[in-house]
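Structure first, commentary second.
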Amino acid sequence: MFNINILPIHLVYGRNLGELPGLKVHPAPKNAVRSRASDLLIVLISIENGKVGAETLAEWNELIAASYFTARGSFTMGFTAAVRSFADTLQKEFRDREAPNVLLNLAVIRDRTMLVGHSGPVTTTVVCSDHVQNFQDMSSEGARQATEGLRFFQIELHSGDIIFLSPFVPSGWTNQSILEAMSSSPVNVIRYLLNQANGNLQCAVIQVKVGHGEISYRYKSPIVARVELGGAGPDEDDVYQPTPEEISEIEDRIRAAEEPARAPENGPAVPASSNRPLFRLRVPADPFPFTIQKRPLPENNAASDEENRRTRLEAMGKVEIPTFIGESEARRRSEINEPETRLEETGPSETPDEETGAPFQSARERVRAERRKRGTCPAAPPAARGPKPKRKRVPLKNVLFVLALTILIPAIVGVVVIGWYVSNSNQSSYRVNLSGAVSSAKIALAYDDPTLKRAAWEKVIEFLDEAKKFGSSNAASELRAQANESIDQLDNGIPIRYYYALAAFLPAETNLIKLEAAGDFLYGLDGTSGGILRFARSDKGFLADRTFRCGPGTYPSYADPEENDPISVGKIVDFTILPIENALDRILIGVDRTANVLYCSQNLQGAAGTIHPPVGGWGEISAIQFENRRLYLLDAGKNAIQSVPYLGKSGVGSDAESYFGSKGPPLYDVIDFKIIKTDVFLLRKNGGIDVCDYKGYAPDCDFVETVSSADGLRTFRIADRGFFDIQVNNAPDTSLYLFDRSRQSMINLTLKLNLVRYLVPDRFKSDATDETATAFTFFDRATPIWAAGNRLFVGTLP
C-alpha cells in the first residue's frame, strides 16, 4: 500500500490563496459496493467560465463520490455513472440560465494502480523516476455535455511518483525539463512547474510513498511566490523567516541593482541585473512538511556596511555625499546637483592645504583641473565655453509624412497595379479558354461520326476546366451541361434526377467518405473527424442526429465490460452494419488503421475491441466488408485481405487469418472490394476490376477493362474512369453498381460482369451536375444516394 501526501496549489498573480475548493479526497465509505471497498477517489472540479461558490463545489464533490462508490461494474462504469448523475444535477440547477462549463479531474488509486477519468480538456501528469506520462484529450468537452466527452486512462504507480492534476497546463511544462528537474530532487519538479506557471495555477500535487494507506492532506502550502518587480510581499500571517544566507543573497542583489556593472580588466561587462525568473519560490523538502519552523533573524548590518562605505570614501579623499540605506542610485542622484564620479585610487589627489583653501568643486571639475596641470587638456576661458546648443527634435508628424511618401504610397500603388494586372490577366485567360470551348462545341455539332463527336465534346470539357481556374459564368455552366449530356447520349445513358437531400446544412469541414443505410437511418463516415454520423429520414429530408456519438476515443471492452484496461480507437477508416440478432440493437462496427474495432448502437454509446496483428503486423487498413458471418479487412499495404469470425454478443474475434494466403493476386492498388460467396471483386485505382473465383485454393483471377451487354450489342470501357465505390443491390436482381466520382454516373453489372445499364444524372434538371462525389450507397433498392463533401443528393432508379 501507499501513503498519500496531497498538496493543493492555488496561485493567483503569484500569491498562494491556500485552499483549492474544488479538490477533495474520498476514502471508500461503508456503503460502498464490494468492488470499490479499497478505492481512494480524488476529485478536482474546475470552472472554465462563470463563478461557483465553495459550498456548491463541496456539494458537487460529495454527489460525484456517492455516485461512484454506489455504482456497480468496472471503474469506467463508476466514472460514467458519477458524471451522468452530476450532469443531471447541473442541468436542474441551471435550468433557467446558462450553466458553467465544469471540468473534472477524477482519479482512483486502487492498490498499485491509478485509474484516471477526464471530462474536459484537463491534464493528469505522472512524474516517475525515469519518464513522464501525460494523460489528456483536448477534444474532450466538459461535464455539461454529460458522458460524451468522458475519457479514461490507467497507469501503474511506484513509490516516489509525483502526480499533478491540473485543469489548465502552462505552456512551459515539457517532459524533458521535468525529467532534468527530477534527476536532482523530486522537489525540483514542483519548483520548475511553478516557475512556468506565470503566477497563476490551479493544481493538486499528489506524492506517493510506501506506507500503510495513510492520507496526509493540507490546504495551506509552504510555498512562497513573490513578484520581484513591484509585486506584493508575503501575507501578514506568514510565519516563515528567511535564513542568513538568503538575506545575504538578497542584499547582494540589491547592491548589484543599485550600482552600475563593472567589467573585468580584460573581460566583457557584466549586466547589473541577472536573468532571474519572475517568481522566487521556496519549496519545502521532500516529503511535504506540515509545520514551518521559525528561524532566528540575524542582526541587520546594513547601517554598519554604510558606515564602512563612508569611511572608505573619506580615506580616498572623495567628497562625502549623504546617502540613505536601501535607496537606489537613481534616487540618490536626484538629491544632489551633480552626479558623483569615482576616481581611481591611483589617480591624483590634493594636499590638505589645497583641500581646505579651494572652493567646492565637483568630481568632474577636479579631474579637469588636474589634467590642466599636466597639460593634457588646455584650459579655455569661461567666456569661450558657452552653453551647449540643444538638439532640435523633429516632430513625429513630419517623420510619418516622410515615411508615407517614401514607403506607403509606392507600396499601395504597387499593390493596385499588381491587382489590376492579375485581374485583367485572369479575365483574358478566362475569355480565351471559353472561346476555345465554344469553338470545339461548334465542331462537335458538325461531326456525325460518334468517335469524333466524343473527342470534340471531351475537348470542350477540357477548355471549361481550364477556364474554371480563372472565373465562372452561367454560359460556361450551360455549355458544360450540354457537353456532358452529349457524352451521356453517346454512352446510351439513362438519366436520373437527383435532389438535395439534407434538411439542415452540415458544418463546412464535414467530408462524408462512406455511406451505409439500415432501416430508417442513414449512416455516414466523416473523413475529417473520423467519426460516424447518423441521419434520420423526414419529410424535409435527412436530418443529422446530434445525440448519436460514435467516433475516436477511449472505450471499455465490448467483450468484457468489467475489464479495467480501456481501449483507444483512432480515426475510423471504414464501417459496416452487423445483422440484428436476438432482439438486440442494430450495431455498427468501425475499424481504424490499426485494426481497433469500435461498436456503436442507439443504446450503446461506445465499446471497443482489438484484432491482433498477423505475422508481419498491420500495414494500413483501408476497407472492410461483413459477409457470411465474417469480417474481412483490406490491408493493401501488406498485400492481404484478413478475416475474423463474428461471435454474436461477443463481437468479432481477435485472431486474424489471411483470406488468400500466399497465392493471392496483387492488392497494392485496390481501393474497394466485395466478396459474394466464392466470387471476389477487386476495384483498382484506374477503374478496372479484377474478378476472382476462389474456393479455398489458388484463386483464378481475370482483369476486366471493357464490359459488354449479354447480347453483345453494347460495350463500355470501365478502365481509366473515376469509379471509386462498389455496391451490391438486389434490384431487379443481385448485381453490382460502380459509381463514377467525376461524372456522378453509375454502371450496373451482373455478377458475371455483363453490362445491364448505364445511369447518368439529368444534366439540366438535377440539383448537382458539377460535383465531385465522395461516397455512394443505396437507401433502399430503388433509392441511390451519394455525397459530395458535406452535401447529400438522392434520386430514384428508373
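Residue pairs whose Cβ atoms lie under 6 Å apart, sitting 6 or more positions apart in sequence or on different chains, and linking a residue in region 694-705 that is closer than 16 Å to ARG684 by Cβ to a partner that is acidic (Asp, Glu), are CYS701/ASP690; PHE703/ASP690. Of all residues in region 731-760, exactly one satisfies the criterion of being of a type in the set (Asp, Glu) and surrounded by fewer than 20 Cβ atoms within 10 Å (Cβ to Cβ), namely ASP733. Taking region 632-672 as the region of interest, how many residues are more than 28 Å from ASP740 (Cα to Cα), outside any strand (DSSP E or B) and open to solvent by 50 Å² or more (accessible area, probe 1.4 Å)? The total comes to 5. The condition (being touching a residue at least 40 places away in the same chain (Cβ under 8 Å) and in contact with an Asp or Glu (Cβ under 8 Å, 6 or more places away or on another chain)) is satisfied by just one residue among GLY73, GLY160, GLY117, GLY149: GLY73. If we scan region 114-127, do we find a residue that is open to solvent by 20 Å² or more (accessible area, probe 1.4 Å), touching a His at 6+ places or on another chain (Cβ under 7 Å) and not polar (S, T, N, Q)? There is no residue in region 114-127 that is open to solvent by 20 Å² or more (accessible area, probe 1.4 Å), touching a His at 6+ places or on another chain (Cβ under 7 Å) and not polar (S, T, N, Q). Checking each residue in region 448-466 for being among the basic types (Lys, Arg) and open to solvent by less than 80 Å² (accessible area, probe 1.4 Å) picks out LYS453, ARG454.
Scanning for something open to solvent by 60 Å² or more (accessible area, probe 1.4 Å) and either modelled with pLDDT of 75 or more or of a type in the set (Gly, Ala, Ser) (or both), does region 104-113 turn up at least one residue? Yes, because at least one residue in region 104-113 is open to solvent by 60 Å² or more (accessible area, probe 1.4 Å) and either modelled with pLDDT of 75 or more or of a type in the set (Gly, Ala, Ser) (or both). Of the residues that make up region 76-94, is at least one polar (S, T, N, Q), open to solvent by 70 Å² or more (accessible area, probe 1.4 Å) and farther than 26 Å from ASP137 by Cα? Scanning region 76-94 turns up no residue that is polar (S, T, N, Q), open to solvent by 70 Å² or more (accessible area, probe 1.4 Å) and farther than 26 Å from ASP137 by Cα.
Being polar (S, T, N, Q), in a strand (DSSP E or B) and touching a Gly at 6+ places or on another chain (Cβ under 9 Å) is a condition met by at least one residue of region 619-628. Checked against the criterion of being at pLDDT 75 or above and under 25 Å from ALA608 (Cβ atoms), the candidates GLY142, GLY160, GLY149 yield just one match: GLY142. Checking the structure you have, find out if any residue of region 719-730 is within 23 Å of THR576 (Cβ to Cβ), part of a strand (DSSP E or B), assigned by the TED database to the domain that holds LEU631 and open to solvent by 50 Å² or more (accessible area, probe 1.4 Å). Yes, region 719-730 has at least one match. All told, VAL43 meets the bar of being open to solvent by less than 10 Å² (accessible area, probe 1.4 Å), touching a Leu at 6+ places or on another chain (Cβ under 7 Å), modelled with pLDDT of 90 or more and under 22 Å from THR554 (Cβ atoms).
Looking across region 468-490, the residues that are over 18 Å from ARG763 (Cβ atoms) and either open to solvent by less than 30 Å² (accessible area, probe 1.4 Å) or charged (D, E, K, R) (or both) come down to LYS469, GLY471. Scanning region 131-152 for residues that are crowded, with 18+ Cβ neighbours inside 10 Å and either more than 30 Å from GLU93 (Cα to Cα) or not assigned by the TED database to the domain that holds LEU106 (or both) yields VAL132, PHE135. For first residues located in region 437-451 and touching a residue at least 12 places away in the same chain (Cβ under 8 Å), partners that are open to solvent by less than 70 Å² (accessible area, probe 1.4 Å) and of a type in the set (D, E, K, R) and lie 6+ apart or on another chain with Cβ distances below 6 Å form the pairs ALA444/LYS453.
The lone criterion from (1) loosely packed, with under 12 Cβ neighbours inside 10 Å; (2) out of contact with any Ser or Thr (no Cβ under 7 Å at 6 or more places or on another chain) left unmet by THR715 is number (2).
Just one of the listed residues (LEU753, LEU736, LEU759) is more than 35 Å from the chain's Cα centre (by Cα), of a type in the set (A, V, I, L, M, F, W, C) and assigned to a loop (DSSP other than H, G, I, E, B), and it is LEU753.
The values are calculated or read from the model by the stated rules, or taken from the named source; none is laboratory data. Quantities reported herein were computed from a predicted structural model and do not represent experimental measurements. Reconstructed Cβ throughout: ideal geometry from the backbone, glycine too, with neighbour counts over all protein chains shown. To get the accessible areas, we keep the full protein, side chains included, count just its heavy atoms, and leave off ligands, DNA and RNA. Shrake-Rupley method; radii C 1.70, N 1.55, O 1.52, S 1.80 Å.
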